[in-house]
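Written out below as structure tokens is the structure these notes cover.
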């Protein structure tokens, strides 16, 4: 997940990206921003580092999306990404992990997302999905803190579909603090993540489902 956008509580979200080449040969490839369809060439010399303060804006985009890092010479570089709220007094933010293609959940695999304890009071909770080229079909089982099932829905995603939405919308039911959402993959593959953001400070944390 990457973004360059305004948000609630006067948030000014940006994404810092750094890519390092640990090898003795040049690395090169493409950054592909979805769903905007924007691309940018990168070239990193041996043992060099390439940095972007606001990668979405520097690619000519706005809003939220996902970023593919594609290599056409040597391997994929070492990647560090940080989503942050940029304010005059400083920044608050979270490191967003890169997800290698072989760690993305596929058919017959599952993961759990957990809603924050003080949901709707101190925190807001959003869930995002980026489907892969074959799309995905997900089963979502919401349970309360005691483990009792509260809701079930099925969600079908098209090729390379991306969205981020409130947790209630994703789950299909109003979430309570401490609820969990089991995400089962019945077809295809996708990256599924959740963000928890402090309503007062815009400080954030992230959960990413992967193998």
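The values are calculated or read from the model by the stated rules, or taken from the named source; none is laboratory data. These numbers come from a predicted model, not from an experiment. So basically every Cβ, Gly included, is an ideal-geometry build from the backbone, and we count neighbours across all protein chains shown.
Where strands (runs of 3 or more DSSP E) fall entirely within region 150-211, none has at least 3 residues that are at pLDDT below 95 and not assigned by TED's automatic domain parsing to the domain that holds residue 126. Among the residues making up region 163-194, those that are more than 22 Å from residue 135 (Cα to Cα) and touching a residue at least 60 places away in the same chain (Cβ under 8 Å) are 175, 176, 177, 178, 179, 180.
Taking region 167-182 as the range and being within 19 Å of the chain's Cα centre (by Cα) and buried (at least 22 other Cβ atoms within 10 Å of the Cβ) as the test, the residues that pass are 167, 170, 171, 181. Residue check: is residue 83 within 27 Å of residue 131 (Cβ to Cβ) and buried (at least 16 other Cβ atoms within 10 Å of the Cβ)? Criteria met by residue 83. Of the strands (runs of 3 or more DSSP E) lying entirely inside region 1-85, those containing at least 1 residues that are at pLDDT below 95 and under 15 Å from the mean Cα position of the chain (by Cα) are 2-6, 12-20, 27-34, 63-73. Which residues, counting only those in region 1-11, are surrounded by 15 or more Cβ atoms within 10 Å (Cβ to Cβ) and within 30 Å of residue 159 (Cα to Cα)? Matches in region 1-11: 1, 2, 3, 4, 5, 7. Report yes if residue 202 is touching a residue at least 40 places away in the same chain (Cβ under 8 Å) and under 21 Å from residue 33 (Cβ atoms), otherwise no. Here the answer is no, as residue 202 does not meet what is asked.
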